[in-house]
Each structure stands twice: as structure tokens, then as C-alpha cells.
Amino acid sequence: MIRDALPQDAAAIGAIWNPIIRDTAITFWPTERDHDCIAAMIRDRQAAGHGFFVAEIGEAVAGFASYAQFRAGAGYARSLEHTINLGPAARGRGIGAALLQRVEDHARAAGGRLMIGAITASNQASLRFHARSGYAEWGRIPAAGWKFGAFHDLVLMGKDLAG
């Protein structure tokens with residue numbers, strides 16, 4: 001089941017997100033996110049009219065997705081960037097696709113035009129997932145991120161929500 005995230009989901013979201021932050025270059029965040037930071041992000045994104053969702057298996061949060069404005073400024077208000085992260089139990093079960101669809105539907109209903117995924121070039125699973133979901137490569141930024149003592153390329157994949 002997919003539902004709107006609540007601030008009280010912050011601990012479960014952190015349990016999924018923090019190992020990804022700590023152990024991989026999938027995200028360039030250098031430090032783990034604490035409960036208050038995640039709860040504030042949920043509140044802030046929802047208050048801005050953007051979605052923040054969780055997927056549950058049984059009653060346990062197994063993944064989450066959200067989106068926000070791609071860049072600051074009124075001119076970018078309809079260009080959006082999403083994030084999707086799944087716990088191990090959710091991978092390979094269609095939950096990521098369901099979360100992405102929920103994000104896209106929410107953004108489209110709110111007047112969003114472009115949805116962008118910023119993906120570490122070495123994350124081949126995410127690149128394939130986005131391609132299967134109708135995203136095209138819109139650009140590559142060499143050495144955009146620094147983590148674990150190395151530079152990592154960033155791939156921008158996008159989809160026009162207007163069709």
C-alpha cells in the first residue's frame with residue numbers, strides 16, 4: 001500500500017535511507033539524516049504542495065518517494081526532481097514503479113511539467129528502471145559528486161509529464 005508519509009514515519013524512512021547514504025554512492029549526501037531532519041523534510045515538501053509517500057508491506061514502511069522543485073526560483077516551479085529509495089524487502093516487487101507512478105500522478109495534478117531523476121552513473125539498476133519507466137537521458141555531468149574519495153558522474157534522466 002502507498003500512502004502519504006507522516007512525520008512519525010521518519011524513523012522507518014531513516015532505517016531505509018541511512019544505510020544508502022552511509023554505504024553507497026547512490027546519493028552524495030555525506031552524513032546520515034536524523035529523525036528531526038526527515039520529519040521536517042516530510043512537512044516542508046507537503047506544505048509546498050509536493051508529495052512525500054511511503055510504501056508499506058504489511059504495516060512496515062518498505063520504501064519511500066518524494067519530489068521537490070528541481071532548482072530554486074519561480075521559473076523552475078514546474079520542473080521537479082524525485083527521489084525513490086527502497087528497503088531490501090521491497091526491491092524487485094514493483095514497489096519502486098508504483099511509488100514513481102504515485103509521484104508522477106501527484107506532480108501532474110499539481111501542475112508539474114517535467115520530472116527529473118539525478119542518478120549516479122554507476123547505479124545501473126536505477127538507470128534501467130528509469131528507462132523502463134519512460135525516462136530519457138537528458139544529460140551527464142562528469143565528476144559532479146564526491147564520495148568515498150572519488151568523483152562520480154551524474155546522469156540526469158527526465159520525463160515530460162504532459163505526454
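Each value in this text was obtained by applying a stated rule to the coordinates, not by laboratory testing. Owing to the predicted nature of the structure, the values given are computational and were not obtained by experimental measurement. Here the Cβ positions follow ideal geometry from the backbone for every residue, glycine too, while neighbour counts run over all protein chains shown.
Could I have the simple spin-label model distance between Arg132 and Arg71, label points 7 Å from Cα toward Cβ, reported in nm to one decimal?
3.2
Find the relative contact order for the range 1-108 and round it to a whole percent, using C-alpha pairs within less than 8 Å whose residues are 6+ positions apart. Display every interim value, and only then the final one.
Details: 164 pairs, mean separation 27.0, N = 108.
Result for the range 1-108 is 25 percent.
Could you tell me the convex hull volume per residue, in Å³, taken over the Cα atoms of the range 79-163? List each step's numbers first, then the result.
Details: hull volume 8.2 nm³, N = 85.
Per residue, the Cα convex hull of the range 79-163 comes to 97 Å³.
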